[in-house]
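K.L.:
Take this structure, written in structure tokens, and hold onto it; I'll ask about it next.
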Amino acid sequence: GFRTKGVDRSIAALPSVPEAHLVIAGQDKTGPFEKQANQLGIADRVHFLGGRGDVDRLMRDSDLLVHPAYSENTGTVLLEALARGLPVIATSVCGFAYHLSDSGGGIALPYPFRQDTLDEAMQECLNDDDKRVAMSKAGLAYSATEDLYSCHRHAVDLLEQLALTKGA
């Protein structure tokens, strides 16, 4: 779901950070996004990797996760990035975006989305090493103390309890 995940927004922000490269992992049609990158003159800095089994390594080797989704129920990738100390910029429509603000490990862009806000956030994070290091440390500390992964188990427990109650 490159469209839903906001890949077009990430590509549109890339000219604002001239030294940056955008690495996109996942399966989807790349044509419209390659065309956009060509039109912006940045095709050499946009890399579509396809589906990957080494996303952990990609995160470890990256400076920033950008996830400006149009809609996202949870956004588990945000939690995965925080747990790896990877600073994150995401839209506040992602279900788990509040963890970015709570932790200090990322930036949750306000709704409604504005491209210039994403551009500025990327500039700030990629051009300020101290800020990026502070965000990394904050995400690691937060993920070490917060229960980020049991929400699914709790949801199932609640649904099972509800089913038992209704069936009784």
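The values are calculated or read from the model by the stated rules, or taken from the named source; none is laboratory data. Bear in mind that the values here come from a model prediction, so they are computed numbers and not experimental data. Every residue, glycine among them, receives a Cβ derived from its backbone with ideal geometry; neighbour counts consider all protein chains shown. Heads up: the accessible areas ignore ligands, DNA and RNA and are worked out on the full protein's heavy atoms, side chains in. Shrake-Rupley method; radii C 1.70, N 1.55, O 1.52, S 1.80 Å.
K.L.:
Just to be sure, is L79 part of a helix (DSSP H, G or I) and out of contact with any strand residue (DSSP E or B) (no Cβ under 6 Å at 6 or more places or on another chain)?
P.N.:
Considered against the rule, which asks whether it is part of a helix (DSSP H, G or I) and out of contact with any strand residue (DSSP E or B) (no Cβ under 6 Å at 6 or more places or on another chain), L79 comes out as yes.
K.L.:
Of everything in the stretch 9-18, what is open to solvent by 40 Å² or more (accessible area, probe 1.4 Å) and in contact with a helix residue (DSSP H, G or I) (Cβ under 8 Å, 6 or more places away or on another chain)? Give them in sequence order.
P.N.:
Result: P15, single match.
K.L.:
From the list A37, A134, A25, which one is of a type in the set (G, A, S), modelled with pLDDT of 95 or more and closer than 14 Å to R9 by Cβ?
P.N.:
On inspection, the qualifying residue turns out to be A37.
K.L.:
Tell me which of these E19 doesn't satisfy, since it passes every other one: (1) modelled with pLDDT of 95 or more; (2) within 23 Å of G85 (Cβ to Cβ).
P.N.:
Status for E19: all satisfied but (1).
K.L.:
Right, next: Looking for whichever is closer than 23 Å to E19 by Cα and either in contact with a helix residue (DSSP H, G or I) (Cβ under 6 Å, 6 or more places away or on another chain) or free of Cβ contacts under 8 Å to residues at least 60 places away in the same chain (or both) here; the options are K131, K137, K166. Which one fits?
P.N.:
Answer to the selection: K131.
K.L.:
A further question on this structure: In the stretch 104-146, what residues are open to solvent by 30 Å² or more (accessible area, probe 1.4 Å) and assigned to a loop (DSSP other than H, G, I, E, B)?
P.N.:
G104, P110, Y111, P112, F113, R114, D128, E146
K.L.:
Shifting gears a bit: Please enumerate the residues belonging to the stretch 63-76 that are buried (at least 16 other Cβ atoms within 10 Å of the Cβ) and touching a Leu at 6+ places or on another chain (Cβ under 7 Å).
P.N.:
If the condition is that a residue be buried (at least 16 other Cβ atoms within 10 Å of the Cβ) and touching a Leu at 6+ places or on another chain (Cβ under 7 Å), then L64, L65, H67, P68 are the ones that fit.
K.L.:
Also: Within the stretch 82-95, how many residues are surrounded by fewer than 24 Cβ atoms within 10 Å (Cβ to Cβ) and assigned to a loop (DSSP other than H, G, I, E, B)?
P.N.:
Qualifying residue count for the region: 5.
K.L.:
Restricting the search to the stretch 1-23, which residues are over 21 Å from E124 (Cα atoms), out of contact with any Ser or Thr (no Cβ under 8 Å at 6 or more places or on another chain) and not in a loop (DSSP other than H, G, I, E, B)?
P.N.:
Hits for the stretch 1-23 are R3, K5.
K.L.:
Among the listed residues G75, G53, identify the single one that is closer than 19 Å to S150 by Cβ and at pLDDT below 95.
P.N.:
G75
K.L.:
Report the residue count in the stretch 24-48 for those that are loosely packed, with under 13 Cβ neighbours inside 10 Å and not in a helix (DSSP H, G or I).
P.N.:
So the answer is 4.
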